[in-house]
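Following: one structure in structure tokens, then a few remarks.
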Amino acid sequence: MMELAVTLSFVMPLVGTLVLALSGGRLGPKVGSVIGVASIGIAALATAWAIALYAGGDGAVRFTLWTWIQVGAFQPTIGLAVDGLALVMMAVITGVGFFIHLFAVWYMGGEAGVTRFFAWMNLFVFSMLMLVLGDNLLLLFLGWEGVGLCSYLLIGYYYQDSANGRAAFKAFLVTRIGDVFLALGLFLIFRDLGTLDIQQVMVRAAEVWSVGDPTATLVALLVLGGALGKSAQVPLHTWLPDAMAGPTPVSALIHAATMVTAGVYLIARLNGVFLLAPEALWLVGVIGAVSLLLAAFAALAQTDIKRVLAYSTMSQIGYMFLALGVGAFDAAIFHLVTHAFFKALLFLSAGAVITSCHHEQDMANLGGLRKRLPVAYAGFLVGGSALVALPLVTAGFYSKDEILWQAMAADAQGLLLAGLLGAFLTCLYTVRLILRTFHGDCGSDKARNAEPGTQLLTHHLPLAVLAVLSTFVGAMLYPHLGGLFPVAPGERTEAGHTLLQLLATGTVIAGLAVSGWLFVKRREWLRQQVSAGPGAFLWKLWHRAWGFDALYDRLLVRPWHLLVRMLRHDLINLTINLVAVLARLLNSGLVRAQNGRTRSYATAMILGATLILLALTIGPGGVA
Amino acid sequence: MILVWLIVIPFLGGLLCWQADRWSEQAPRWIALGTMLFVLVISLVLWAAGDFALPSGGETPWLLEWRTDWIPRFGIEIHLAMDGLSLILVALTGFLGALAVLCSWREIGQRIGFFHLNLLWILGGVVGVFLALDLFLFFLFWEMMLVPMYFLIALWGHSGSAGQTRIRAATRFFIYTQASGLLMLVAILALVFIHFGNTGEFSFSYEVLLKTEVPEAIAPWLMLGFFVAFAVKLPVVPFHGWLPDAHAQAPTAGSVDLAGILLKTAAYGMLRFALPLFPEESAAFAPVAMVLGLVGIVYGAVLACGQQDIKRLIAYTSISHMGFVLIAIYSGSELAIQGAVVLMVAHAFSSAGLFILSGQLYERIHTRDMRIMGGLWGRIPTLPGFTLCFVAASLGMPATANFVGEFMILFGTFPTAPVVVIIASTGLVMAAIYSLILMQRVHFGPAYRDGALAGPDWREYGMMLALLALVLLIGLYPQPLLDTTAGMSGRVVELFAGPAQSLAETAGEVR
């Protein structure tokens, strides 16, 4: 039964893709949308069924559909492994995915090419399910690359604009660089462990490598490289803000809830390897802390709603990496789940704002929308409070508190401090985002003439459901996966937990108070600070997210273009062509000699004869 | 006897096409299509009936064999034989041959009969190359492929960009391959005379020459003679100059045959002749070959990124992909060699798909210059979707055959030469760059012109769907292919295993 439920859940999105793709647009937007949403709906129901079976005592299940490749010991299969972690991920992918699809019907309503949109969205869901269900690393890699392709296609969905194409290209390329690291990690794993099966890898890794083994560290670092690309962490993070060029439901599903958290899933899944490489695991935590701070600062200085949310996503994933880094895998997944809820809510609410305001997403041109768009406002309030981890009532509080507590229990003061500072900054940018969008005066006619969404099923329902999930209800739904993972540091002790909770709560309240004071009372002062002097420098620095793009542009992009331009005409080939040039030169020289004039021939003969005679006379053995 | 028919039928079919021109325009096309389908069906029947396990000692490795004397005075025979590798490549020839006929259906409007004569004779020559075991006969077929290809480019080609004429491209193709073929001829003759010196008998037989003791001072040079001939055809940088021009100027059918089949004769030649005849020398040469493969991967990819002509772009990607094949052949790993076979087939399908698609685009917008394309996604139904799929295949997206091939090669080569694999992996990133450049410039972005263009008709749709289905089928279930060539790759690895120690040492130097 479990096999059937799981198979149904990943086959349905694939069927949806095939039907939509093969229809070639003949179905029309209505039928296309219905098929696109229904396939994910069925997948979500099948997932619910699978969860019920799992909870009912079926337990973890593995089944192989067929052997993919078989040459000697190299035997990756098309095989699926269903365990608690996979089910949690499936629930997020299909559950949150379904509501995002539903919302997309409203968001994309009336646009040409909706069939294409849903075909790619369904393909994305299928690939993402493969990623979490694959029982071996090669199948995981299939999903991994598949989601990357879908991400590329959906970022560039509005293909007529070249800027979108560039953003999509950048996203694919940067993540592909990470993917190559992951691939190298797989080669190394197969060479040393002789298998790609995830369970076998965990078992064999512990047998073959001791803790701190250089190879284990190398493998962990390579896998981390892949995770950094997909999860938009420093230094492979630059693609995520640009990826906001895609339709907002895409940002919600791919660039907030699911694909960008694949790196977290990957590291949690391969926890055994990372525990053998403490240095690599430490690096995971440090990169998480750095990313969460860099992104939080950058989020402070954005004017585009979606870019604020993009940096916020990067920052929140930084928290997950931080948790992984201290060995708290369950806390990382917990935050992954709650983040999926509240960030999807925030993105969908942003989508509601953007569509209502006639595709305006610059906060300078918005403002004062709370009366006109009450539903979106409510969405932002609930999602925002979860994002800042408002104590007790929000889902974000429970998961973020768990992460901070684990960092404290692991004695990682630096990481803990980064987490607290990040929480403070989160308050700042979230409050700024909400105030700028919904309070104050309207910045443009587009905002003044906002048309609120009225569709109950495709607008209100998804927002409402995600809003409920963003409260403590969402946190309560999460089944802790402690049994699947190695013991986290926070499970060994309880000392100081209450203190930490008070500290975290204090930080949030302080953050909210400071931001309220800054953005309401000292608004004019802030504006002056930002317009000139060191404040302006900081604004510019943060607005450009610390200048990574410019750095990479100088370091990599331009040299690459130069190389391509230099070689465009195939230098090696031109060199080889010199042979032909030489032959032609000889030819033209000899052709000149044969000019048909008797006197030249006579001159040449006499000259030649003289030369030969001279050589005979002067040369060795000659007369002279 | 069936092997003889596999070769003779395309030649006879070609003659018939030539004459059928008098009856009607369509007659040569149908005859040519029927001929190629016949070759395909025969090979599929053989495939279904065959047993390809690695034969135990003493047994003949051939599935089918046919021999008769030809010029007994010099020990020259007509000796044909088929094993798993040649079977797959012959089937591939039949399939792509049929596609080549189909994609010329509307493109070729002049001298239709003579066009199909040339097309079928190329394919007949290729089948001969895949089946000949006598070295003299092999050389004969090797040269026989060239002449009709020359005519195909010179008579029906496009005179294209930057002052390149089709005649010039054809001449260049001919000179490159002819000159390198000469080296192979010298090497073959030297081998035969050494054998004559040892035994007092002339023989061109593969099996006899396999056992010939070649003096150590000469063997590397003979090996190089074979290698260079195959390297020009593969092509290996720096011998690649003919390929982009030939592709850019050739008609679609010519490009399909070139990329799909002719390049594969080179890889086949290495696996069948260069390696088995000179295993020790090849093992010693492996590091050089691998470095050449790397240069090809990187250089081909960088150049592909700089092209403006869509067919030249695809041509350079072929150089990049064949770099992977070269690395695999000299890796001495069964996994990698099997991967090379998969990648050869995968590349045949994906590049054929891309070339046919660019031919279809040319029929609609009459240009190959990507600077004046753009935004075609909204203007043509269905074709952009197919392009996306084949582009995904060429960048090695999992679930396509190209992924299986490339990753088997990389997994297989990694234990012996990790540094090579690391550098080759950068090719995966560059593949993403050139593939997406193609997609972006042609189909995405603002539309260069307005107005809807005709979608594919059933013929075009059918070709694309068949190719795509095969790419996905092999990408998800390559096992039938792998089982068929298991015997062959096992033998190559065994041959390599003798000097395996030295290989490991030399490969170690590459590290």
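Under the condition of being assigned to a helix (DSSP H, G or I) and touching a helix residue (DSSP H, G or I) at 6+ places or on another chain (Cβ under 8 Å), which residue from segment A:561-572 is farthest from residue A:174 (Cα to Cα)?
A:572
On the given criteria, is residue A:592 loosely packed, with under 13 Cβ neighbours inside 10 Å, in a helix (DSSP H, G or I) and at pLDDT below 85?
When the stated conditions are applied, residue A:592 passes them.
Can we say residue A:91 is within 11 Å of another protein chain (Cβ to nearest Cβ), farther than 17 Å from residue B:480 by Cβ and hydrophobic (A, V, I, L, M, F, W, C)?
Here the answer is no, as residue A:91 does not meet what is asked.
Would you mind stating whether residue A:44 is touching a residue at least 12 places away in the same chain (Cβ under 8 Å), part of a helix (DSSP H, G or I) and either touching a Ser or Thr at 6+ places or on another chain (Cβ under 8 Å) or within 11 Å of chain B (Cβ to nearest Cβ) (or both)?
When the stated conditions are applied, residue A:44 passes them.
Among the candidates A:348, A:381, single out the residue that is more than 19 Å from residue A:475 (Cβ to Cβ) and either hydrophobic (A, V, I, L, M, F, W, C) or crowded, with 24+ Cβ neighbours inside 10 Å (or both).
Details: A:381 fails: more than 19 Å from residue A:475 (Cβ to Cβ).
One residue alone meets the criteria, A:348.
So is residue A:518 in contact (Cβ under 8 Å) with a residue 60 or more places away in the chain and in contact with a Phe, Trp or Tyr (Cβ under 7 Å, 6 or more places away or on another chain) or not?
It is false that residue A:518 is in contact (Cβ under 8 Å) with a residue 60 or more places away in the chain and in contact with a Phe, Trp or Tyr (Cβ under 7 Å, 6 or more places away or on another chain).
Taking into account only those residues within segment B:302-338 that are away from chain A (no Cβ under 13 Å) and of a type in the set (Val, Ile, Thr), which is nearest to residue B:271 (Cα to Cα)?
Looking at the filtered set, the residue picked out is B:329.
Which ones in segment B:464-495 are farther than 19 Å from residue B:344 by Cα and either under 23 Å from the mean Cα position of the chain (by Cα) or within 12 Å of chain A (Cβ to nearest Cβ) (or both)?
Of everything in segment B:464-495, just one residue is farther than 19 Å from residue B:344 by Cα and either under 23 Å from the mean Cα position of the chain (by Cα) or within 12 Å of chain A (Cβ to nearest Cβ) (or both), namely B:465.
Examine segment B:399-413 for a residue that is farther than 30 Å from residue B:450 by Cβ and surrounded by fewer than 24 Cβ atoms within 10 Å (Cβ to Cβ), and state whether such a residue exists.
Yes, segment B:399-413 contains at least one residue that is farther than 30 Å from residue B:450 by Cβ and surrounded by fewer than 24 Cβ atoms within 10 Å (Cβ to Cβ).
Name the helices (runs of 4 or more DSSP H) wholly within segment B:220-269 that hold at least 1 residues that are away from chain A (no Cβ under 14 Å), under 25 Å from residue B:342 (Cα atoms) and touching a Gly at 6+ places or on another chain (Cβ under 7 Å)?
Passing ranges, in order: B:252-257.
Taking the residues in segment A:187-197 that are surrounded by 21 or more Cβ atoms within 10 Å (Cβ to Cβ) and at the interface with another protein chain (Cβ under 8 Å from one of its Cβ atoms) as candidates, determine which candidate is farthest from the chain's Cα centre (by Cα).
Ranking the qualifying residues of segment A:187-197, first place goes to A:190.
Give just the number: which of (1) within 16 Å of the chain's Cα centre (by Cα); (2) free of Cβ contacts under 8 Å to residues at least 60 places away in the same chain; (3) buried (at least 24 other Cβ atoms within 10 Å of the Cβ) does residue A:144 not satisfy?
(2)
Please go through segment A:478-501 and give me each residue that is of a type in the set (A, V, I, L, M, F, W, C), exposed (fewer than 14 other Cβ atoms within 10 Å of the Cβ) and in a loop (DSSP other than H, G, I, E, B), ordered by number.
A:487, A:495 - these are the residues of segment A:478-501 that are of a type in the set (A, V, I, L, M, F, W, C), exposed (fewer than 14 other Cβ atoms within 10 Å of the Cβ) and in a loop (DSSP other than H, G, I, E, B).
Pull up segment A:446-470, narrow it to residues that are buried (at least 21 other Cβ atoms within 10 Å of the Cβ) and within 25 Å of the chain's Cα centre (by Cα), then point me to the one that is farthest from residue A:388 (Cα to Cα).
A:462
Only residues that are surrounded by fewer than 24 Cβ atoms within 10 Å (Cβ to Cβ) and either in a helix (DSSP H, G or I) or of a type in the set (D, E, K, R) (or both): list them for segment A:389-400, please.
Residue satisfying the conditions is A:398 alone.
From the residues in segment A:127-157 that are under 14 Å from residue A:260 (Cα atoms) and of a type in the set (Ser, Thr, Tyr), which one is nearest to the other protein chains (Cβ to nearest Cβ)?
A:152
So if I check each of A:536, A:545, A:510, which one is touching a His at 6+ places or on another chain (Cβ under 9 Å), modelled with pLDDT of 85 or more, of a type in the set (A, V, I, L, M) and surrounded by 12 or more Cβ atoms within 10 Å (Cβ to Cβ)?
From the options A:536, A:545, A:510, the qualifying one is A:545.
Residue B:332 versus (1) touching a residue at least 24 places away in the same chain (Cβ under 8 Å); (2) assigned to a helix (DSSP H, G or I): which is the lone unmet condition?
(2)
May I ask you to say which residue of A:81, A:46, A:60, A:55 is farther than 26 Å from residue A:349 by Cα, in contact with a Lys or Arg (Cβ under 8 Å, 6 or more places away or on another chain), of a type in the set (Gly, Ala, Ser) and surrounded by fewer than 24 Cβ atoms within 10 Å (Cβ to Cβ)?
A:81
Go through segment A:198-231 and give me each residue that's of a type in the set (A, V, I, L, M, F, W, C), surrounded by 23 or more Cβ atoms within 10 Å (Cβ to Cβ) and within 14 Å of another protein chain (Cβ to nearest Cβ).
Scanning segment A:198-231 gives a single hit, A:219.
Which of the residues belonging to segment B:380-400 are under 21 Å from the mean Cα position of the chain (by Cα) and aromatic (Phe, Trp, Tyr)?
B:390
Inside segment A:406-470, counting only helices (runs of 4 or more DSSP H) that do not spill past its ends, which hold 2 or more residues that are closer than 21 Å to residue A:317 by Cβ?
A:413-438, A:461-470
Of the conditions (1) more than 21 Å from residue A:33 (Cα to Cα); (2) not in a strand (DSSP E or B), residue A:79 fails just one. Which one is it?
Here residue A:79 clears every test but (2).
Step by step: first the residues of segment A:550-600, then only those that are within 14 Å of chain B (Cβ to nearest Cβ) and among the small types (Gly, Ala, Ser), then the one that is farthest from residue B:174 (Cα to Cα). Which residue is that?
This residue is A:583.
Tell me the residue from A:75, A:160 that is touching a Gly at 6+ places or on another chain (Cβ under 8 Å) and within 11 Å of another protein chain (Cβ to nearest Cβ), please.
Residue meeting the stated conditions: A:160.
Helices (runs of 4 or more DSSP H) wholly in segment B:107-199 with at least 1 residues that are over 25 Å from residue B:82 (Cα atoms) - which ones? Lay out the reasoning, then the answer.
Details: elements: B:112-131, B:135-144, B:146-156, B:166-199.
Counting at least 1 such residues, we get B:112-131, B:146-156, B:166-199.
Check off (1) within 28 Å of residue A:285 (Cβ to Cβ); (2) within 29 Å of the chain's Cα centre (by Cα) for residue A:559 and give me the number that stays unchecked.
Evaluating residue A:559 over (1) within 28 Å of residue A:285 (Cβ to Cβ); (2) within 29 Å of the chain's Cα centre (by Cα) leaves (1) as the failure.
The values are calculated or read from the model by the stated rules, or taken from the named source; none is laboratory data. This is a predicted model, so every value here is computed, not measured. Glycine also receives a Cβ, built like all others from the backbone with ideal geometry; neighbour counts cover every protein chain displayed.
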